[in-house]
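One structure is given below, encoded as structure tokens.
The values are calculated or read from the model by the stated rules, or taken from the named source; none is laboratory data. What you see is a predicted model; the values in this text were computed from it and never measured. Cβ placement follows ideal geometry from the backbone for every residue including glycine, while neighbour counts extend to all protein chains displayed. Quick note on the areas: whole protein, heavy atoms, side chains included, nothing else; ligands and nucleic acids left out. Shrake-Rupley method; radii C 1.70, N 1.55, O 1.52, S 1.80 Å.
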Amino acid sequence: MPIHPWRSQRLVFTAIEPEDDDFLSSIQADAESYFNAAGFLVVPQAKSSAAGSREYFRDKCLLAVKICLPSPASAQPNAASGGDAAISRPIPIGTIALTKAEANQSQHRNGSIGINLLRAHQGQGYGSEAIRWALRWGFRYGNLHRIEIGAFGWNQGAIRLYKRLGFVPEGCKREHLWYDGKYWDLVELGMLESEWREQYGDEENAVAGVEKSNGDVAVKS
Ligand SMILES: CC(C)(COP(=O)(O)OP(=O)(O)OC[C@H]1O[C@@H](n2cnc3c(N)ncnc32)[C@H](O)[C@@H]1OP(=O)(O)O)[C@@H](O)C(=O)NCCC(=O)NCCS
């Protein structure tokens, strides 16, 4: 399949628009996932808070997109080219973002991933796929040097997943969060560009071969 910069094997990544507020609200309505992703005070979110999330994504993030399943139409044989028609009506299942450094910190080339999937789509490998896509985007297109991700102490499955993806545990902020009657640690993990190339180099070379043969996306060697 030709390489498209906003696609991965099973997912399509699209911009967050004002008309997505209902979708953002539906993500925020899942208290556990919402707290897992952000650590905010556990209060029911008004629909209007979706606009605040959109502003955060717009103002504070280098990359902020909806994680989507391709539209059923893209499964049609004539959509196999991966062209724009094939991604015209994707189905949103979550969001993923890479934070943007303040202007006077941008020279460090750091970013941090935040991800939240609708519960019905968790545990099917979409989170792994989206994080791998965001790493690739961050290092190849965003020119980042290191990418961080954090998880709260009760989210051991997420911590295992991030290690499996190649993130290195870098620290633990002890008893950093108050949730459900007790304090919890914040576990911080990170990946350098060199570590990403080491872990994903073979895939990148395979992708580069496809890109070259298709004359599609320019490749940094
Ligand atoms: C955490 C999250 C991104 C993982 O993506 P996913 O698609 O559910 O996970 P995958 O199918 O790719 O990988 C499965 C692994 O993720 C772990 N995992 C973490 N949270 C999970 C969840 N809520 N549901 C299912 N699996 C989860 C599983 O334990 C599994 O690892 P294991 O086999 O070692 O047990 C996703 O579940 C999510 O968005 N959860 C709600 C918000 C959140 O926790 N955000 C991350 C904050 S750090």
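When residues of segment 159-179 are filtered for being touching a residue at least 40 places away in the same chain (Cβ under 8 Å) and either open to solvent by 90 Å² or more (accessible area, probe 1.4 Å) or over 23 Å from the mean Cα position of the chain (by Cα) (or both), how many remain? First the steps, then the outcome.
Step one: filter segment 159-179 for residues touching a residue at least 40 places away in the same chain (Cβ under 8 Å), giving 177, 179.
The next check asks that each one be either open to solvent by 90 Å² or more (accessible area, probe 1.4 Å) or over 23 Å from the mean Cα position of the chain (by Cα) (or both); those that pass are 179.
Summing the residues that are touching a residue at least 40 places away in the same chain (Cβ under 8 Å) and either open to solvent by 90 Å² or more (accessible area, probe 1.4 Å) or over 23 Å from the mean Cα position of the chain (by Cα) (or both) in segment 159-179 gives 1.
Within segment 192-208, is there a residue that is part of a strand (DSSP E or B) and closer than 25 Å to K100 by Cα? Walk me through it before giving the result.
First, the residues of segment 192-208 that are part of a strand (DSSP E or B): 192.
Next cut, closer than 25 Å to K100 by Cα only: 192.
Looking through segment 192-208, at least one residue is part of a strand (DSSP E or B) and closer than 25 Å to K100 by Cα.
In the list G125, G111, which residue meets the criterion of being touching a strand residue (DSSP E or B) at 6+ places or on another chain (Cβ under 7 Å), at pLDDT 95 or above, within 16 Å of the ligand (Cβ to nearest atom) and closer than 29 Å to L41 by Cα?
Values: G125 fails: touching a strand residue (DSSP E or B) at 6+ places or on another chain (Cβ under 7 Å).
Step by step, each of G125, G111 is checked, and only G111 is touching a strand residue (DSSP E or B) at 6+ places or on another chain (Cβ under 7 Å), at pLDDT 95 or above, within 16 Å of the ligand (Cβ to nearest atom) and closer than 29 Å to L41 by Cα.
Residue by residue through segment 124-135, note down the ones that are open to solvent by less than 40 Å² (accessible area, probe 1.4 Å), out of contact with any His (no Cβ under 9 Å at 6 or more places or on another chain) and part of a helix (DSSP H, G or I). Write out each step before concluding.
Step one: list which residues in segment 124-135 are open to solvent by less than 40 Å² (accessible area, probe 1.4 Å), which gives 125-131, 133-135.
Narrowing further to those that are out of contact with any His (no Cβ under 9 Å at 6 or more places or on another chain): 125-126, 128-131, 133-135.
Correct list: Y126, S128, E129, A130, I131, W133, A134, L135.
Y200 versus (1) more than 13 Å from the ligand (Cβ to nearest atom); (2) in contact (Cβ under 8 Å) with a residue 60 or more places away in the chain; (3) open to solvent by 20 Å² or more (accessible area, probe 1.4 Å): which is the lone unmet condition?
(3)
Which numbered condition trips up Y141, out of (1) open to solvent by less than 10 Å² (accessible area, probe 1.4 Å); (2) away from the ligand (no atom under 11 Å from the Cβ)?
(1)
Within segment 146-158, can you find the residues that are more than 9 Å from the ligand (Cβ to nearest atom), surrounded by 19 or more Cβ atoms within 10 Å (Cβ to Cβ) and more than 14 Å from the chain's Cα centre (by Cα)?
R146, G153
Any chance you could count how many residues in segment 36-69 are surrounded by 17 or more Cβ atoms within 10 Å (Cβ to Cβ) and out of contact with any strand residue (DSSP E or B) (no Cβ under 6 Å at 6 or more places or on another chain)?
Of segment 36-69, the ones surrounded by 17 or more Cβ atoms within 10 Å (Cβ to Cβ) are 36-37, 45, 50, 53-54, 57, 61-68.
Still in the list and also out of contact with any strand residue (DSSP E or B) (no Cβ under 6 Å at 6 or more places or on another chain): 36, 45, 50, 53-54.
Count: 5.
In this structure, does L135 turn out to be more than 8 Å from the ligand (Cβ to nearest atom) and in contact (Cβ under 8 Å) with a residue 40 or more places away in the chain? Give the steps one after another, and end with the answer.
Numbers: more than 8 Å from the ligand (Cβ to nearest atom): yes; in contact (Cβ under 8 Å) with a residue 40 or more places away in the chain: yes.
When the stated conditions are applied, L135 passes them.
Sort out for me the helices (runs of 4 or more DSSP H) sitting completely within segment 1-64 that have 1 or more residues that are aliphatic (A, V, I, L, M), over 19 Å from L98 (Cβ atoms) and out of contact with any helix residue (DSSP H, G or I) (no Cβ under 8 Å at 6 or more places or on another chain). It would help to see each step written out before you state the result.
Working: elements: 21-28, 31-38, 49-60.
Of the helices (runs of 4 or more DSSP H) lying wholly inside segment 1-64, those with at least 1 residues that are aliphatic (A, V, I, L, M), over 19 Å from L98 (Cβ atoms) and out of contact with any helix residue (DSSP H, G or I) (no Cβ under 8 Å at 6 or more places or on another chain) span 31-38.
Rundown of residues vs (1) more than 19 Å from P92 (Cα to Cα); (2) aromatic (F, W, Y); (3) more than 16 Å from the ligand (Cβ to nearest atom), yes/no style:
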position: L11; (1), (2), (3): no, no, no
position: S33; (1), (2), (3): no, no, no
position: V43; (1), (2), (3): yes, no, yes
position: A50; (1), (2), (3): no, no, yes
